[in-house]
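The values are calculated or read from the model by the stated rules, or taken from the named source; none is laboratory data. Since this is a predicted model, take the numbers as computed values, not measurements. Positions of Cβ are backbone-derived with ideal geometry, glycine not excepted, and every protein chain shown enters the neighbour counts. These area figures cover heavy atoms from the full protein model, side chains too; ligands, DNA and RNA do not enter into them. Shrake-Rupley method; radii C 1.70, N 1.55, O 1.52, S 1.80 Å.
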Amino acid sequence: MDLLETRELTYFVAVAEELHFGRAARRLGIAQPPLSRAIRRIEQRLGVVLVERSARGNELTAAGEVLLHEARKALDAVAAADRRTRRAGLDEPRLVLVMKANSDAGLLLAALEAYRAEPDSVPVEVTVCGIGEQAGVLRDGRADVALLHLPYDDTSGFDVEELLVEGAVAVLPREHRLAGRSTLLMADLAGETFPRRPGKAGGTGPEARDSAQLMQLIAVGQVVAVLPDSVRHDLRADLVAVPVSDGPVTTVAVGWPERSRSRAVAAFVRAAAKAARRETTSPV
């Protein structure tokens, strides 16, 4: 079988994402004619049309949508294999943990302490990413484990250990009309402006790419947000967090590549689960 090469997949993904051969060629740093020929060759080898070309522009066919999805996964897998192999071969191996800011529900320090006691532990490098970026960083090998939030983060291709469940709070400016309430319902927030999240539907306000941006937008009255309860631990002095009794429930979980055989990863998962059990059984 004449399999596609990573270079060909890279070319196709650029065309599929840009839907413009000129822009895709500039993105790849090559001339447009060779790129067009490369896509034609892929279509001929697969026996399908991937891109419908017309005077109005380019559109992916159903086959093109499938190849885009599969090509992204394949390229992430190749990148992950490269990065994780290089890390494993270092004279001093390390475990890279990715999380977004203030997303650990107060578990991180306890998990790291428990991990250091594990015989298979290695030094941990913590990477803080933007909102919703953890899964991508883990998937392409920039990290070995991630703190994820279900059901919001995409866990396809990962094994997952659920750690704890959090209720919701509305984060508001101190002068907001609802800031003095002891509890809220989601209906109380009807008509409020919520932030847009990168790559996610919903929200009509400004886009918030990370926690610091989000908190600043709330503080200046541009948006309000419904977030997991643990956000109150490090909340700015000019903001308040009011429980939302019927708000969305968030599960904090640790994720890692499925079928991983890394003893360091397994040790971290055990340590995180141990820290979560202590948190949920400790007296209030």
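Computed quantities for the displayed model
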read-out: Within the stretch 1-12, considering residues that are touching a residue at least 40 places away in the same chain (Cβ under 8 Å) and surrounded by fewer than 19 Cβ atoms within 10 Å (Cβ to Cβ), the one farthest from residue 34 (Cα to Cα); value: 2
read-out: Subset tally (residues that are within 23 Å of residue 13 (Cα to Cα), acidic (Asp, Glu) and out of contact with any strand residue (DSSP E or B) (no Cβ under 7 Å at 6 or more places or on another chain)) for the stretch 56-101; value: 4
read-out: Long-range neighbours under 6 Å by Cβ, at least six apart or interchain, first residue touching a residue at least 24 places away in the same chain (Cβ under 8 Å) within the stretch 46-65, second in a strand (DSSP E or B) and among the acidic types (Asp, Glu); value: 59/52
read-out: Any strands (runs of 3 or more DSSP E) falling wholly within the stretch 50-104 and containing at least 2 residues that are open to solvent by less than 40 Å² (accessible area, probe 1.4 Å) and over 30 Å from residue 211 (Cβ atoms); value: 57-60
read-out: Within the stretch 144-174, tally of residues that are open to solvent by less than 20 Å² (accessible area, probe 1.4 Å) and more than 26 Å from residue 123 (Cβ to Cβ); value: 7
read-out: Sole residue being in contact with a Lys or Arg (Cβ under 7 Å, 6 or more places away or on another chain) and crowded, with 16+ Cβ neighbours inside 10 Å, chosen from 225, 219; value: 219
read-out: Single unsatisfied condition, residue 100 versus (1) within 30 Å of residue 232 (Cβ to Cβ); (2) without any contact (Cβ under 8 Å) to a residue 60 or more places away in the chain; value: (2)
read-out: Subset of the stretch 194-208 (residues that are crowded, with 16+ Cβ neighbours inside 10 Å and out of contact with any Lys or Arg (no Cβ under 8 Å at 6 or more places or on another chain)); value: 195, 196, 197
read-out: Of all residues in the stretch 13-49 being under 28 Å from the mean Cα position of the chain (by Cα) and among the charged types (D, E, K, R), the one that is least open to solvent (accessible area, probe 1.4 Å); value: 18
read-out: Answer from 123, 93 - the residue that is in contact (Cβ under 8 Å) with a residue 40 or more places away in the chain and over 30 Å from residue 225 (Cα atoms); value: 93
read-out: When residues of the stretch 119-143 are limited to those that are part of a helix (DSSP H, G or I) and among the hydrophobic types (A, V, I, L, M, F, W, C), the one surrounded by the most Cβ atoms within 10 Å (Cβ to Cβ); value: 138
read-out: Qualifying strands (runs of 3 or more DSSP E) (wholly inside the stretch 201-284; at least 3 residues being among the β-branched types (Val, Ile, Thr) and more than 28 Å from residue 94 (Cα to Cα)); value: 239-244
read-out: Failed condition for residue 180, given (1) farther than 30 Å from residue 95 by Cα; (2) touching a Ser or Thr at 6+ places or on another chain (Cβ under 8 Å); value: (2)
